[in-house]
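Enquirer: The structure under discussion is supplied below as structure tokens; questions concerning it will follow.
Read-outs throughout are calculated quantities, based only on the coordinates presented, and are distinct from any laboratory measurement. Small disclaimer: the values here were computed from a predicted structure and weren't measured. Methodologically, a virtual Cβ is constructed for each residue, glycine included, from the backbone with ideal geometry; neighbour enumeration extends over all protein chains shown.
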Amino acid sequence: MSKADLKSMSLEELQIFMGEIGEAKFRAKQVFEWLHKKQVSSFDEMTNLSKSLREKLNETGKISFAHAVEKYVSKQDNTTKYLFALENDNIIESVLMRYSYGNAVCISTQVGCRMGCTFCASTLDGVERNLTAGEMLSQIYEIQKDTGERVSSVVLMGSGEPLDNYDNVLKFIRLANDKNGLNLGQRHITLSTCGLIEKMYLLADESLQITLAVSLHAPNDEIRNRIMPISKKNDYERLIEACKYYSDTTKRRITFEYAMISGVNDSIDCARELSERLRNMLCHINLIPVNDVKERNYKKSSSETVESFAEFLNSRGIETTVRRKLGSDINAACGQLRKGYLEKRQK
């Protein structure tokens, strides 16, 4: 019989679990705080529990984990990339980014990705499995232990498509927000999606206060279908309608991510069409110089092209910024480091 993943349980679920193993419900809060406040990695560390209870927890439950196997620190900006090993030797990656306002962590939600975006290394080998809520939290906890510093914001923008792992991601958000645990405000959580329309409607109705970031990367279906295969099932008009529904329902501004690819989607004509598409929307555009991925032949747009694109959009009343490129000397972009590590391991 498989063991229960206690780190992925809500306090209420832990209370039910305690009852099922013949223990008092109040023990659930003790275990929850050990897992999410003190962030222990074994039941033996839960010193205010009796030895018999700890043994029972070892027999019936487990604590999901993410063990760091490699770590790289950028000499340019102190960005830190972690490679984590999970159960069954699965490898994922996370990035710590330091800003003046605090530490942000970009975490993975799947082992690999099946969305097929042609400018991203995460998707080159497909998806292996979904991460549990506990494994998502473990990335944050391990980074906090390593740095001795609190994480103040989280971005679900590492390997994987968060809405392709909908139930576990929702669990993660609620656990991270729990006052008895990490106590991270929902407004400090950003979920990035390539645009799974049906799941976006579901997410809008969850009444969350997270920030939704939509990977748009094109002004129309013709270009988007070329660089994002998932777009063929989630066409542009329907995607924009879903975005409008999300912002109208939550009263939250949507961020549109736009990777600038030289000669593909970076012309002023593209900027003009994009401005027409997004006119009168509660949104913000984040321009991203595309990452160099050796398996692809895309090149990032020049800094002059990116600035011109941004200036045009801003002149049309669409708030636009250019993302600061972090960790380029340590392959901090999604999937690059993991793929290199797996190739080395195979050799």
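Enquirer: Using square roots of five times the C-alpha gyration tensor eigenvalues, list the equivalent-ellipsoid semi-axes of segment 1-127 in whole Å, biggest first.
Expert: So the equivalent ellipsoid measures 34, 19, 13 Å along its semi-axes.
Enquirer: Something else: In units of 2.2 N^0.38 Å, what is the alpha-carbon radius of gyration of the chain?
Expert: 1.04
Enquirer: Over every pair of different alpha-carbon atoms in segment 98-158, take the mean of 1/r and invert it; report that Kirkwood radius in Å.
Expert: This gives a value of 12.8 Å.
Enquirer: Moving on to the next point. What percent antiparallel are the DSSP beta bridges of segment 61-164, to the nearest 5?
Expert: 80
Enquirer: Would you please give the residues with an amide H less than 5 Å from that of VAL69, counting only those at least 5 places away or on a separate chain, with H modeled from the backbone geometry?
Expert: Under 5 Å from the amide H of VAL69: LEU83, PHE84, ALA85.
Enquirer: While we're looking at this one, here's another question. What is the fewest-to-most order of ARG129, ARG150, ARG252 by other Cβ atoms lying within 10 Å of their Cβ?
Expert: Fewest-to-most Cβ neighbours within 10 Å comes out as ARG150, ARG129, ARG252.
Enquirer: Moving on to the next point. Between GLU45 and TYR245, what is the label-point separation in nm under the 7 Å Cα-to-beta-carbon projection?
Expert: In this crude label model, TYR245 to GLU45 measures out at 4.3 nm.
Enquirer: List, in order, the whole-Hz ³J(HN,Hα) value for each residue of segment 16-26 obtained from phi through the Karplus relation with A = 6.51, B = -1.76, C = 1.60 and θ = phi - 60°; use x for Gly and Pro.
Expert: 5, 4, 4, x, 5, 9, x, 10, 5, 4, 5
Enquirer: Under 14 Å Cα-Cα from LYS29, which aspartates and glutamates qualify once same-chain neighbours fewer than 8 residues away are excluded?
Expert: GLU12, GLU13, ASP178
Enquirer: Mind listing the long-range amide H neighbours of ASN103? Cut-off is under 5 Å, sequence gap 5 or more, other chains count too, H placed in the peptide plane at 1.01 Å from N.
Expert: Those lying under 5 Å, H to H, from ASN103 are SER152, SER153.
Enquirer: Within a 10 angstrom radius of the beta carbon, how do MET136, MET157, MET281 rank from fewest other beta carbons to most?
Expert: Neighbour counts put them in this order, fewest first: MET281, MET157, MET136.
Enquirer: For segment 132-252, what is the Kirkwood hydrodynamic radius in Å, using each pair of distinct C-alpha atoms?
Expert: In segment 132-252 this quantity evaluates to 15.3 Å.
Enquirer: What's the extension gain from HIS284 to ASN58 if we count 0.36 nm per residue and subtract their Cα-Cα distance?
Expert: 76.6 nm
Enquirer: In what order do SER308, SER52, SER138 fall by count of nearby beta-carbon atoms within 10 Å, going from fewest to most?
Expert: Arranged by neighbour count, lowest to highest, SER308, SER52, SER138 become SER52, SER308, SER138.
Enquirer: About the Cα centre, and with charges only on the beta carbon of Lys, Arg (+1) and Asp, Glu (-1), how big is the dipole of the chain? Nearest 20 debye, please.
Expert: For this selection, approximately 540 debye.
Enquirer: Let me ask you something else. Under 14 Å from a point 7 Å along the Cα-to-Cβ line of LYS233: which residues of segment 117-141 have their amide N that close?
Expert: Answer for this model: 117, 127.
Enquirer: Give me the distance between the Cα centres of segment 9-30 and segment 190-247, rounded to whole Å.
Expert: Comparing the Cα centres of segment 9-30 and segment 190-247, I get a distance of 38 Å.
Enquirer: Hey, what do the phi angles of segment 179-195 turn into as Karplus ³J(HN,Hα) couplings, whole Hz, using 6.51/-1.76/1.60 and θ = phi - 60°, x for Gly and Pro?
Expert: Per-residue couplings from phi come out as 5, 8, x, 5, 6, 8, x, 4, 5, 9, 10, 10, 10, 9, 10, 7, x Hz.
Enquirer: Here's another thing I want to ask about it. Tally Lys/Arg at +1 and Asp/Glu at -1 over every other residue whose Cβ is under 15 Å from the Cβ of GLY148; what's the total?
Expert: Net local charge, GLY148 excluded: +2.
Enquirer: Still on this structure: Give me the number: length gained by fully extending GLU206 to GLU276, i.e. 0.36 nm times residue separation minus the C-alpha to C-alpha distance, one decimal in nm.
Expert: 22.3 nm
Enquirer: Counting other C-beta atoms within 10 Å, and keeping those with at most 12, which DSSP coil chymotrypsin sites (Phe, Trp or Tyr not before Pro) do you find in segment 86-186?
Expert: Here the chymotrypsin sites (Phe, Trp or Tyr not before Pro) that fit, given the DSSP loop and packing criteria, are TYR101.
Enquirer: Kindly identify segment 4-62 as rounded, prolate or oblate by the Cα gyration tensor criterion: order the square roots of the eigenvalues as a ≥ b ≥ c, call it rounded if a/c is under 1.5, otherwise compare a/b with b/c, prolate if a/b is larger, else oblate.
Expert: In terms of gyration-tensor shape, rounded.
Enquirer: Can you give me the orientation-averaged projected area of the convex hull built on the Cα atoms of segment 218-265, in nm²?
Expert: Its Cα hull, projected and averaged over all orientations, spans 3.5 nm².
Enquirer: Placing +1 on the Cβ of each Lys and Arg and -1 on the Cβ of each Asp and Glu in segment 67-346, which of THR193, TYR141, LEU278 has its Cα farthest towards the positive end of the resulting dipole?
Expert: Of the candidates, TYR141 comes out farthest on the positive side.
Enquirer: Let me ask something additional. So which of LYS244/LYS299; LYS71/LYS199; LYS3/LYS171 end up more than 27 Å apart by C-alpha?
Expert: Among LYS244/LYS299; LYS71/LYS199; LYS3/LYS171, the Cα-Cα distance tops 27 Å for LYS244/LYS299; LYS71/LYS199.
Enquirer: Run lengths n ≥ 4 of DSSP H only: what is the helix-derived mean residue ellipticity at 222 nm for the chain, with -39500 (n - 2.57) per run over all residues, to the nearest 500?
Expert: Calculated from helices alone, the mean residue ellipticity at 222 nm is -10500 deg cm²/dmol.
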